[in-house]
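Below: the structure, in structure tokens.
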Amino acid sequence: MIIHHPILGPRDAQEFVYLGDATLIDRPDGMNAGTEAFHDYAYNRDNPAGEHRELWYHEQGDRSWLVVTRNTVTHEITKVELARDVARAKGRSK
Amino acid sequence: MRYSGFRVIAEALTGHKGWKPVWRDPAPQAEYDYIIIGGGGHGLATAYYLAKEFGQARIAVLEKGYLGGGNVGRNTTIIRSNYLLDGNEPFYEFSLKLWEGLEQDFNYNAMVSQRGIINLIHTDAQRDAATRRGNAMILNGADAELLSRDQVRAKYPWLNFDNSRFPIKGALMQRRGGTVRHDAVAWGYARGADMRGVDLIQNCEVTGMRIENGRIRGVETSRGFIGAKKVGVAVAGSSSKVMAHAGMRLPIESHVLQAFVSEGLKPLIDGVMTFGAGHFYVSQSDKGGLVFGGDIDGYNSYAQRGNLPVIEDVAEGGMALMPAIGRVRLLRTWGGIMDMSMDGSPIIDRTEIEGLYFNGGWCYGGFKATPASGWCFAHLLAKDAPHEKAKAYRFDRFLKGLMIDEKGQGATPNLH
């Protein structure tokens, strides 16, 4: 698979490490959210057959985290964003 | 029809005109006591033991494709019970004992071959870990042996013992481990279940679940609604898709695992060998092909086919261990969809919906578990209580911190 890195252009997926569903960005506040919510965040997944937004880390490149939109049935990649931009668009500024 | 040596001779003398189809092809009835979703190894074994061991009737197995068309026909056929942890080892040893009596039990030749499995050791730390695991196996009634470097060399003199990164220092061996003809397992269970009145319904995909007041009433399928008092789901890589019909999210990701077979060779490996450090394992089929594999591709996939980098990685692992195979050609590669769980261990449990039960999360180790998985799931369905050997495989273990994490990787399904 080729991942079209927003900054570096087309890169072989082998340069990346895969983490999983991009909802892992939305970590609940461990002090306030409660055990159930944190359990759901840490362990449960939608695991869809079809379009999937997921986190890839460019370990052998610029060390950026990407949100890749990929079809889990065809492996076709339709969108690649910097995870930083995705998080900021959600109002995260740190 | 019971199979036997006499039957083969009698049929040979009469032109093989007496063989009958091995199972019926019934249309679904309006309602069953038990519906098992998934006509793979685990689903068919569940139906078989429900009928045979737990005396239940009015059972149907619903399969979206054909019987045994999923992972039970795609794996590398290895059986073993060489686990460490308390939640796992008794269960897998139970499974291995069932394998040992399986062919007599269901009167079908599954070619169970206890040819032995060895896990290679390269460092003192690995030897310590293997010793500990071997002791855990023995404590649970399994067999384990620590082989020295010379003993491994006597078995397989052509291995690369002096690889500079992973020199072979010995191995942990389980002699009772081995291989089984995987398709025959599905066929044997299917035939045994059908003979006991189970309806095996193929080309019947579950498209929805009818749930009223927190209780399952039946399933919507591509062949219409089918009512049921209890529904058991055993669909491996499709677990999340099917359980989504009940509104459930699972601690599971679906990943693709590839497997490989080489052209036929003369006898080279008499058992099963794993080279964990090199992400490679291998055995040799009765036809002579080397059957081998390595890691999952590492990203969520429902494609039943993988990509080239893993093929290269597995081939490199093979070459590091067995330089002699350098000119051997790869005959086929294929992929199956693994239900990778959050701690690398399975789930056999009831759900919050009354009458709906789940069996999944087998990662890439489901084949060896087939008999015990079927037995324990049938026990759960029939008695509404977990089987003693599978009592640790609960949904709530993640909430309670009771994970069964053999590899110690945490909630990263692609690393288990």
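The values are calculated or read from the model by the stated rules, or taken from the named source; none is laboratory data. None of the values given here were measured: they were computed from a predicted structure. Neighbour counts are summed over all protein chains in view; Cβ atoms, including those assigned to glycine, are modelled from backbone coordinates with ideal geometry.
In summary, B:TYR302 fulfils each of the numbered conditions (1) farther than 25 Å from B:ILE79 by Cβ; (2) aromatic (Phe, Trp, Tyr); (3) away from chain A (no Cβ under 14 Å) with the single exception of condition (3).
Return yes or no: is B:ALA277 more than 30 Å from A:GLU76 (Cα to Cα) and among the small types (Gly, Ala, Ser)? Taking the combined requirement at face value, the residue satisfies it.
So, A:ARG84, is that one more than 14 Å from chain B (Cβ to nearest Cβ), among the charged types (D, E, K, R), within 14 Å of the chain's Cα centre (by Cα) and at negative phi or not? So A:ARG84 fits the description; yes.
Scanning region B:179-210 for residues that are in contact with a strand residue (DSSP E or B) (Cβ under 7 Å, 6 or more places away or on another chain), more than 27 Å from B:VAL291 (Cα to Cα) and aliphatic (A, V, I, L, M) yields a total of 6.
Checking each residue in region B:49-71 for being in a loop (DSSP other than H, G, I, E, B) and within 22 Å of B:SER238 (Cβ to Cβ) picks out B:GLU63, B:LYS64, B:GLY65, B:TYR66, B:LEU67, B:GLY68, B:GLY69, B:GLY70.
The residue that is surrounded by the fewest Cβ atoms within 10 Å (Cβ to Cβ), counting only those in region B:251-287 that are within 13 Å of another protein chain (Cβ to nearest Cβ) and of a type in the set (Val, Ile, Thr), is B:VAL256.
When each of B:MET248, B:MET243 is tested for being within 14 Å of chain A (Cβ to nearest Cβ), touching a helix residue (DSSP H, G or I) at 6+ places or on another chain (Cβ under 9 Å), among the aliphatic types (A, V, I, L, M) and not in a strand (DSSP E or B), the lone residue that passes is B:MET248. Going through (1) among the small types (Gly, Ala, Ser); (2) surrounded by fewer than 23 Cβ atoms within 10 Å (Cβ to Cβ); (3) within 14 Å of chain A (Cβ to nearest Cβ) one by one, B:ALA236 falls short only on (2).
Every residue, every condition in (1) assigned to a helix (DSSP H, G or I); (2) assigned by TED's automatic domain parsing to the domain that holds B:GLY401; (3) over 20 Å from A:GLU51 (Cα atoms), yes or no:
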| residue | (1), (2), (3) |
| --- | --- |
| B:VAL282 | no, no, yes |
| B:TYR299 | no, no, no |
| B:ALA303 | no, no, no |
| B:GLU312 | yes, no, yes |
| B:GLU316 | yes, no, yes |
| B:MET319 | yes, no, yes |
| B:GLY326 | yes, no, yes |
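Within the option set A:VAL73, A:VAL67, being closer than 25 Å to B:LEU257 by Cα, of a type in the set (Val, Ile, Thr), in a strand (DSSP E or B) and within 14 Å of chain B (Cβ to nearest Cβ) holds for one residue only, A:VAL67. Entry remark, region A:5-33: residues being away from chain B (no Cβ under 12 Å) and within 21 Å of B:ASN300 (Cβ to Cβ) number 5 in total.
The number of residues in region A:34-59 that are on the phi < 0 side of the Ramachandran plot, crowded, with 16+ Cβ neighbours inside 10 Å, at the interface with chain B (Cβ under 7 Å from one of its Cβ atoms) and not in a helix (DSSP H, G or I) comes to 5.
For the criterion of being buried (at least 16 other Cβ atoms within 10 Å of the Cβ) and either in a strand (DSSP E or B) or at negative phi (or both), B:ARG176 passes.
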